[in-house]
1. If you go through segment 216-275, how many residues are buried (at least 19 other Cβ atoms within 10 Å of the Cβ), assigned to a loop (DSSP other than H, G, I, E, B) and among the aromatic types (Phe, Trp, Tyr)?
2. I'd like to verify a number: residues in segment 202-236 that are over 14 Å from the mean Cα position of the chain (by Cα) and of a type in the set (A, V, I, L, M, F, W, C), how many?
3. Among Ala200, Ala209, which is buried (at least 19 other Cβ atoms within 10 Å of the Cβ) and free of Cβ contacts under 8 Å to residues at least 40 places away in the same chain?
4. Does any residue in segment 212-233 that is on the phi > 0 side of the Ramachandran plot come within less than 7 Å, Cβ to Cβ, of a residue that is small (Gly, Ala, Ser) six or more places away or on a different chain, and which pairs are these?
5. Please give the number of the condition His231 fails out of (1) at pLDDT 90 or above; (2) of a type outside the set (A, V, I, L, M); (3) in the same structural domain as Leu74 (by TED's automatic domain parsing).
6. Report every pair of residues separated by at least 6 positions or lying on different chains whose Cβ atoms are under 7 Å apart, first residue within segment 169-189 and more than 11 Å from Arg106 (Cβ to Cβ) and free of Cβ contacts under 8 Å to residues at least 24 places away in the same chain, second surrounded by fewer than 21 Cβ atoms within 10 Å (Cβ to Cβ) and of a type in the set (Asp, Glu).
7. Quick one: in segment 23-36, which of the residues that are over 21 Å from the mean Cα position of the chain (by Cα) and not aromatic (Phe, Trp, Tyr) is nearest to Gly249 (Cα to Cα)?
8. Which condition from (1) modelled with pLDDT under 95; (2) under 22 Å from Pro109 (Cα atoms); (3) in the same structural domain as Ile43 (by TED's automatic domain parsing) is the one that Ser208 breaks?
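The values are calculated or read from the model by the stated rules, or taken from the named source; none is laboratory data. Remember, it's a predicted structure, so these values are computed and weren't measured experimentally. Cβ placement follows ideal geometry from the backbone for every residue including glycine, while neighbour counts extend to all protein chains displayed.
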Amino acid sequence: MNAARHDAPRDDGPLLSVERLTMRFGGLLAIDDLSLDVAARRITGVIGPNGAGKTTFFNCLTGFYKPTVGSVRLHHPQHGTLRLEQLPSHQVARRAQVVRTFQNIRLFPKMTVLESLIVAQHNVLQGASRFSLAGLLALPAYRRAEQRAIDKAVSWLGRLGLLDHADTATGALPYGLQRRIEIARALCVDPLLLCLDEPAAGLNPRESAELNDLLKRLASDEGIAILLIEHDMSVVMTVSDHICVLNYGRKIAEGPPLAIQRDPNVIKAYLGEEDADELPPLESAR
């Protein structure tokens, strides 16, 4: 893969700063006073039992929910500090370059793989089409924008090992490949922060190992920060640089994987003694 594309400093403060984030749904407290820093070009894992507030946290970051209290600041290398909780939802991806995938696959099954990645760039193509007029007339500016979208899609397909499937309908492909296509589609939006909601769900051990390699390459080679929700502890503990543990909406632990794996509060709340013993040795896995 190419050298890192983003200019955010590696060690000069966090890329994302979450401060005292709280999300209420009537009498239900889904996120309770959560503070968390996410580093640029690093993988941050978010774990916790079902109902811990992980997906709600993602929804607050990406504009699906407006938090009840708190702030989410993205320190963008070009646009300065952006308050994500104040941005319209469509601007979180377009301007802040915070992009997400979902726990359940959301591909158009009859669309080809290449078409799926081109459609992901609809914001750029829509602007170039001037409300479809330039597209209908096939004006040079639109044709150039369309070719750039195709080139970007082909580039990511090649880098993720999907080029042989470019003309195949996404619904005809195995589940593991569909998961990879979802990530490729998100990458076409040029994310500064990529939020992945259980990308290893349903994958077999070989596919999980391939996912591990992909995520580490995206962070180290492409300069993309990754925020990862995942129940597969072999993935989380292998790829994460930093882990935040939630339980009932509250942060109960935070730190590097080895410390999290040994934390008694985490073991009690989520991992369980038996699961903790079965995790791979971190010194050799990382």
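1. So the answer is 0.
2. Going through segment 202-236 one residue at a time, the tally reaches 4.
3. Values: Ala209 fails: buried (at least 19 other Cβ atoms within 10 Å of the Cβ).
Going through Ala200, Ala209 in turn, the sole match is Ala200.
4. Gly223/Ala4
5. (1)
6. none
7. Let us first name the residues in segment 23-36 that are over 21 Å from the mean Cα position of the chain (by Cα), namely 24-29, 32-33.
Those still in the list that are not aromatic (Phe, Trp, Tyr) too: 24, 26-29, 32-33.
Details: Arg24: 10, Gly26: 15, Gly27: 13, Leu28: 10, Leu29: 7, Asp32: 5, Asp33: 8 Å.
Filtering first and then ranking leaves Asp32.
8. (2)
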